[in-house]
Each structure stands twice: as C-alpha cells, then as structure tokens.
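Scroll down for the structure; my scribbles are underneath it.
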Amino acid sequence: MHRIAELQGDNEAVFRDIFNEFHAPLYTFLYQKLSSDYLAKEVVQLTFIKLWRYRRSLDPAVDIAIQIFRIAKTTLIDEIRKIQTRQKYYQVIPIGGSLHGEILPTIYYKETLSKIEQLMHLLPPKRREVFRLSKIYCHTNKEIAAKLSISPKTVEQHITLALRFMKPFFQVLLIIFYIVN
C-alpha cells in the first residue's frame, strides 16, 4: 500500500522496483497463456506504460500485484481485439504485393486513428469522455461510472450512442479504401 502512495507521488525509483519485481512473473504468465514471445513482451511493456500513466488512479487499498495483473488483462484483451480487427480488415480489403502488405496498412491505421480523434471531438463532452475512458484507456463500464458519478447503464448508453454516431463514417471510409485498392 505504501508503494502505491509513493508511485502516485511520481517516485520513479519505486516504479523501477515494481517493474523489476513484476516484469518476469508477468511475462511468464502471459507467455504461458499466449505461447507468443512477441505478444507477451508487448503486453508487458504496455502494462507498465499504463501503470505509470495512470498511477494516480491506482487504489491504495488494493495490492499492487492485483492491479498490475488487472492492467495486463485489460491490455491483453485490447491487443487481441486489435489483432482480430486487423484480421477482419485484411479479409475485407484485398492486400497483395509488398507495397500493400507493408505501407498501406500503416497508412490506413494512422488515418483511422486520426478519423477517430476527429469524430470524438464532435461528440458531446460527457459522451466523448466516456468513450475515451472505455475505448482508449480500457476502463470497464463500472470503473467509468464510479469515476464520473453516473450509472453503468448511462455509460453503456453513451458508448452505444458514440459508436452509432461513428459507424457510418467508417462504413464510407471502408468503401473508399476498397474502391481505391
């Protein structure tokens, strides 16, 4: 509990100690689940980045190990969703040759992120905040509800309305990408 308070106070030495203590066990746990060295390393790295980025929102009453593994779990789920989305994307848009196989997916990914940011700015402020906490920072609906003092049902409604608002833009974008290729 003491380490969480120090971590929240921007103590980099405590963060390094936590990193050194949990890096190997977390990697081992993820590697056993995934059988992928690359993905296990990626999730571990992202977990510690999120730990530092969101250190002020850690709960001092909950053991640091539980919180680290919880962050790893949500990060892993997010990475699996990204992989699944990419696989769907490659099935929808035919890609062939080295130019399409390497450069275009990167361009499409960056353009998509840019479009998401633009669309998020068109959302009402509360809906934008809920969407960002859910889809960008991977908080659960319950965590968002507690943080914003709203009901979990309201959180679900904000996310549904945000996705409903954004969906037509991406359908058009997909059609354009398909026609261009």
### Message
So the check is Cβ under 7 Å with 6+ separation or different chains; which pairs have a first residue in the stretch 134-145 that's under 13 Å from THR160 (Cβ atoms) and a second one that's among the aliphatic types (A, V, I, L, M)?
### Response
SER134/ILE144; SER134/ILE159; ASN141/VAL155
### Residue check for LEU51: modelled with pLDDT of 90 or more and touching an Asp or Glu at 6+ places or on another chain (Cβ under 8 Å)
no
### Query
Considering the stretch 1-25 alone, what residues qualify as being hydrophobic (A, V, I, L, M, F, W, C) and either loosely packed, with under 14 Cβ neighbours inside 10 Å or under 14 Å from GLU79 (Cβ atoms) (or both)?
MET1, ALA5, ALA13, ALA24
### Task
Only helices (runs of 4 or more DSSP H) wholly contained in the stretch 67-181 count here; list those with 2 or more residues that are at pLDDT 90 or above and either assigned by TED's automatic domain parsing to the domain that holds ARG56 or surrounded by fewer than 16 Cβ atoms within 10 Å (Cβ to Cβ) (or both).
125-131, 141-148, 152-180
## Note on the structure
Within the stretch 1-42, residues modelled with pLDDT under 90, among the aliphatic types (A, V, I, L, M) and in a helix (DSSP H, G or I) come out as ILE4, ALA5, LEU7, LEU30, LEU34, LEU39, ALA40
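The values are calculated or read from the model by the stated rules, or taken from the named source; none is laboratory data. All figures in this text were calculated on a predicted structure; none of them were measured in a lab. As a convention, Cβ positions derive from the backbone with ideal geometry for all residues, glycine included, and neighbour counts pool all protein chains shown.
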